[in-house]
Structure formats: C-alpha cells, structure tokens
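The values are calculated or read from the model by the stated rules, or taken from the named source; none is laboratory data. Just so it is clear, the model here is predicted, and its values are computed rather than measured. In this analysis, Cβ positions are derived from the backbone assuming ideal geometry, glycine residues included, and neighbour counts consider all displayed protein chains. The protein model used for the area step is the full one, side chains on, heavy atoms only, and it has no ligands, DNA or RNA in it. Shrake-Rupley method; radii C 1.70, N 1.55, O 1.52, S 1.80 Å.
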Amino acid sequence: MKLWVTCLAFACVATLASAELFSSMAHLETALYAERDIAVAIQDYIHEEEKRLDKLKKIASDFADHSEAALAGDKNLLANPINAYLYMKRFTLDWDKEVAPNFQSDPESAVHKKIEELKGYLPNYDDLRGAVTALLRLQDTYQLDTNQLAQGRIRSMMAKQMSANDCFEIGRLAYLREDFYHTAMWMQASLEKEGEEKNKTIPRELVLDYLSYAALMQGNVERALVLTNELLALLPHHTRAQNNRKYYEKLLEEQRRKQYRRGEDGGEEDKTEEPNKYTERPLDEYRKSDEFQTYESLCRGEDTHDYKLKHKLKCRYVHKNNPRLLLKPAKEEEVYLNPWIVIYHDVVSDKEIDTIKRIATPLLSRATVHNPRTGKLETAEYRVSKSAWLKDGDDPVIHNVNNRISDITGLSMATAEELQIANYGLGGQYEPHFDFARREETEAFRDLGSGNRIATWLTYMTNVDAGGATVFTHIGVKLFPIKGAAAFWYNLYRSGDGIFDTRHAACPVLVGQKWVSNKWIHERGQEFRRPCSVNMDE
C-alpha cells in the first residue's frame with residue numbers, strides 16, 4: 001500500500017503552511033497539486049484495501065463452502081488421511097502464507113480477537129507433523145503408491161488432489177526428520193505435479209534442490225548430479241548448486257577409479273563397506289523382524305498362516321443357562337480354537353454406542369500403556385489413539401453393557417477394569433503387544449490389586465472404511481471391525497501362565513474412524529467361575 005505517499009503529501013502541506021501560504025498565490029497553487037496527490041494516494045490506498053478485502057472475501061467464502069459441505073454431507077470427510085493432511089496444512093502453512101497477511105495488524109480489533117479465540121480449536125503445527133507422520137505410516141503399512149496418493153486416490157476412494165506444494169511440504173517435513181527415503185518419494189511427486197500445473201504453486205528449482213540432496217543421501221550420486229544440472233539450467237548462478245556439482249563429479253570420478261583398479265587387479269567388489277542406510281525404507285531392528293513384517297502383512301489382509309483346523313470352527317447360539325441369554329442368546333462365531341478366540345455379534349445396539357460415544361468424547365485424552373518396569377501409565381509412539389475410562393455408575397448404558405459382558409463370558413466384572421473407550425484417528429494404531437503382564441513384569445497392575453488380566457473383551461463401535469483390523473501376529477488371525485460385534489479371548493491359561501499366542505495389534509486406520517471399547521477382566525473373583533488347573537492345555 002502507498003500510505004507513504006499520503007504522508008509525503010501532508011508533509012508538503014505542512015512545509016508550505018510554515019511558509020505562510022496566504023501571502024503567495026504561487027504557493028496556494030502548489031497546495032492544489034498536493035491536494036490532487038493526496039486524492040491519488042487515498043485512491044491507491046482504497047484500491048489496495050479493496051484487493052485485500054477481495055482476497056478475504058474469497059477466503060471466507062472458501063472456508064464457509066468447505067465447512068458447510070462437510071457438516072451437511074459426509075461427516076467423515078476428514079477421516080480420509082489425504083483430506084485430513086490438506087486440512088491441517090490449510091490452517092498452518094497456508095494460513096500463515098495466504099490468510100494472515102491479509103488482516104490488518106491490529107491485535108485489539110474485534111475480528112482479530114475472535115479469530116485468535118477460534119484458532120484454539122483449529123489444527124496447529126504439531127497436528128500437521130502428526131498428520132504427515134500418519135500419512136507416511138499408512139503409505140508404508142499398506143504399500144500405497146505415492147503418485148496415486150498425490151492424485152487423491154486411496155484404493156477405490158477419492159479425496160482432493162494434491163498440488164505440487166502439498167507434495168513438497170510432505171517431502172520437506174520428512175527431510176527435517178532426516179527421512180530421505182520419503183523425502184525422495186514426495187519431492188519426485190512434487191516435481192511431476194509442478195510439470196502439470198499451469199498456475200505454479202512451488203518453484204521447480206526449490207524441489208530440485210531438495211530432491212538432489214535426498215538422492216545423494218540415498219547413495220544415488222549420478223541422479224543427484226543429473227538433478228543438480230537441471231537446477232543449474234534454471235539458475236546458472238546458484239553458488240551452492242555449482243559447488244555441489246563439482247563435489248558430485250569428484251565422487252563419481254573416485255567411484256570409477258575404484259572400480260577400474262579393482263578390475264585391473266582382478267579383484268572382486270569390496271563387500272566391507274557399510275550399505276547406505278537410506279537406500280531402503282528406514283527401519284529399526286524391531287521393524288526388520290519377522291513379527292513386524294507379519295503384522296503389516298496381516299494389516300493388508302494377506303494370509304500369513306495356514307490354519308489346518310479351520311474346518312472345525314463353528315457358529316452357534318449360546319445361553320449358558322443364563323436367564324437373560326435364554327431370552328436372547330448370544331451369537332458366537334469361533335475364529336480360532338487354541339487360543340480360543342471368538343466373535344459375538346450384535347452385542348451392543350446403535351443407541352447404546354451413541355450414548356457411550358457421547359459420554360466418552362469430552363473425556364478423551366492420549367491413550368497410555370503400562371510401562372513394564374515401573375507399572376506406570378505413559379504415552380508411547382507405538383500406540384496412537386485417544387481413550388477415556390467410564391465407570392459402571394456413569395450411565396445405565398455402561399452398567400447394562402458390563403452386565404452383558406459378564407453374562408456372555410460367565411466371568412465377574414467386580415474386579416475388571418473400567419470400560420475403556422478408544423478412538424483411533426488418522427493413522428491410529430497399537431503395535432503388537434500382550435494384554436497380560438509377563439512374570440518378569442512384577443509391577444504391572446500391582447496398584448489394582450486384582451491380579452493379572454485373565455481375559456479381554458473388545459467391542460467394535462464403528463465399521464472402518466479401510467484398515468483398522470485387529471491382528472494376532474503369532475497365529476495369523478485378522479479381525480476387521482464390525483459395528484456392534486465384540487471379540488473375546490483368554491490371556492491366561494488356567495494355570496495362570498500367559499498365552500503368548502494372544503499377542504495382537506491394532507492396525508493403522510487407513511480411511512475412516514475407529515471406535516472400540518475394551519473390558520480387561522482380572523483374575524480375582526474368577527476362582528469359582530474359571531477354576532485353576534495345572535494342566536496347560538485347559
């Protein structure tokens with residue numbers, strides 16, 4: 001804006017005023033020119049303000065249309081990880097770059113205060129980083145193609161397409177974590193998108209700069225040189241790129257000399273060099289293990305074990321001579337025989353689910369796990385969800401659900417843990433774990449004073465569009481969420497020893513929202529309902 005012109009014009013008037021304008025007609029004529037210039041300055045100011053207000057009108061209209069369509073139509077718009085990432089980016093990077101500069105810098109204005117208040121409900125930069133981490137986790141677990149994701153496609157489901165800038169920011173955030181595997185993938189996608197765009201959203205030379213470095217860190221010096229040459233074709237005087245080109249050429253020359261010397265000596269390639277850790281998906285030792293590979297395969301719906309007793313599995317109605325179940329028997333489906341894993345269908349109604357979710361939602365906080373060394377609850381990166389604990393007396397629905405679990409399992413709820421409600425959001429997961437405490441974990445559940453977790457009851461309170469299965473990595477069982485159904489299994493043999501084949505995991509939610517409730521049932525109070533035995537097979 002040209003406020004300085006206005007200030008200059010007023011300064012001229014002030015100067016002339018000190019020269020006693022009334023005494024000179026020539027000076028009065030000069031004042032008219034100043035007045036004209038003031039008018040021009042004000043018109044320029046109005047023009048700039050109108051441009052700013054037009055931008056704000058467009059932004060406000062865009063926000064209104066987006067929120068109205070989402071609230072009136074598909075409530076699960078943000079359950080798609082691509083839409084969720086773009087939404088996080090919209091109110092962080094895009095806000096700071098495109099929206100904030102269009103507001104007048106008056107922190108005391110009513111609109112400024114209102115927006116600052118409402119921004120407390122909007123995503124922040126931690127949410128953006130979490131969204132990118134989740135998206136990359138989903139990409140790896142479900143082996144999703146980068147270009148397909150950039151086009152807004154997850155399997156058969158579509159979201160908004162990403163721009164070159166959207167792809168670039170994913171690659172940049174991966175770069176900041178020194179994750180050059182994903183940096184290269186997403187910078188390449190950004191480069192391809194940039195070539196398709198008429199209205200460029202990111203400078204091509206900037207993408208080339210990141211991509212060339214990522215290629216170097218992956219050990220691909222030749223590609224790093226090709227990309228740097230392309231960068232220099234766009235910016236011939238880019239000093240760092242010029243130095244990089246010399247460095248890459250030197251590296252390649254040394255590699256060629258080394259290969260030539262080995263050829264002359266008749267020797268074989270040197271196998272002692274440490275492989276570049278960025279040539280493949282970066283994995284720690286656990287994620288290289290067979291268990292983790294099995295976990296991800298099961299999450300994708302692949303069969304990892306051949307269950308030879310599948311033909312013996314049965315579905316049945318059960319009542320266990322319980323008066324309430326005589327009127328409405330439980331629908332029991334066997335999934336595995338040893339360990340015994342079953343699904344009970346239609347054990348909780350939609351109305352009950354809505355009530356439980358309504359009560360739990362304001363209480364949700366980041367889910368915790370038991371630290372086996374301390375027995376304390378703490379957050380962990382391998383468990384990504386939010387949870388709440390509901391007491392039996394919080395609502396008649398909670399009381400009825402607890403009684404129903406007792407009726408069907410035949411176990412006492414007197415020493416069971418409170419009903420835990422868990423909500424898995426974007427990429428939400430819980431990697432392979434045991435529900436029971438192993439013998440060396442002496443501090444686990446000590447504060448409860450009710451013994452070990454004898455059994456687990458897991459109720460699915462939503463269907464999930466894609467992903468989100470419960471998988472048992474030792475036996476190859478995979479259970480995909482069915483709203484209103486519950487899985488049940490024993491964690492302990494009758495001897496009190498843990499059943500290690502119950503090791504299980506919650507797969508990342510690919511598309512959708514996953515609500516579950518857990519009821520962990522403890523040993524105390526089950527002495528006459530499930531008597532002890534020294535026979536490990538019982």
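Hey, how much of the P(r) for the stretch 467-538 falls beyond 18 Å, as a percent of Cα pairs?
51 percent
What is the helix-to-structure angle for 221-234, meaning the angle in degrees between its Cα long axis and the longest Cα principal axis of the chain, kept from 0 to 90 and rounded to the nearest 10? That works out to roughly 30 degrees.
Report, in whole Å, the centroid distance computed from the Cα atoms of the stretch 286-352 and the stretch 436-495. Result: 11 Å between the Cα centres. Given +1 at the Cβ of Lys and Arg, -1 at the Cβ of Asp and Glu and no other charges, the dipole of the stretch 382-538 around its Cα centre is 280 debye to the nearest 20.
To test your reading of the geometry: what angle, between 0 and 90 degrees and rounded to tens, separates the Cα axis of helix 81-90 from the longest principal axis of the chain? With rounding to tens, the tilt is 30 degrees. Descending by average beta-carbon neighbour count within 10 Å, the peptides 286-293, 254-261 line up as 286-293, 254-261, the highest first. For the set Tyr460, Tyr181, Tyr336, the ranking by accessible area, highest first and with no ligand, DNA or RNA atoms included, is Tyr181, Tyr336, Tyr460 under a 1.4 Å probe.
Under 5 Å between amide hydrogens, built in the peptide plane, is the criterion, and for Lys514 it picks out Tyr424 among residues at least 5 positions away or on other chains.
Kirkwood hydrodynamic radius computed over the stretch 226-265 comes to 11.3 Å, based on all pairs of distinct alpha carbons.
Across the stretch 476-538, the relative contact order, built from alpha-carbon pairs under 8 Å that are at least six residues apart, equals 46 percent.
Given an 8 Å cut-off on Cα distances and at least 6 residues of separation, report the relative contact order of the chain as a percent.
So the answer I get is 11 percent.
Annotation: average projected area of the stretch 156-204 is 3.9 square nanometres, based on the convex hull of Cα atoms across all directions. Based on the convex hull around the alpha carbon atoms, the stretch 41-143 presents an average projected area of 8.4 nm². Taking only the alpha carbons of the stretch 282-354, we obtain Rg and Dmax values of 18.1, 56 Å in that order. Shape class of the stretch 120-203 from the alpha-carbon gyration tensor: rounded, with the ratio a/c of largest to smallest axis under 1.5. Separation of the stretch 130-161 from the stretch 238-262 is 36 Å, based on Cα centroids.
Given the chain reduced to its alpha-carbon atoms as identical point scatterers, what log10 I(q)/I(0) does the Debye formula return at q = 0.06, 0.07, 0.13 Å⁻¹? Treating every Cα as an identical point scatterer, log10 I(q)/I(0) equals -0.46, -0.59, -1.31. Between the helical axis of 239-265 and the longest alpha-carbon principal axis of the chain there is an angle of about 50 degrees. When you count the other C-beta atoms within 10 angstrom of each residue and take the mean per peptide, 501-508, 447-454, 150-157, 51-58 line up highest first as 501-508, 447-454, 150-157, 51-58. For Trp457, the solvent-accessible surface computed with a 1.4 Å probe is close to 10 Å², ligands and nucleic acids excluded.
Tally up the carbon and sulfur contribution to the accessible surface of the chain as a whole percent, 1.4 Å probe, everything protein left in place. Exposed carbon and sulfur together represent 52 percent of the surface.
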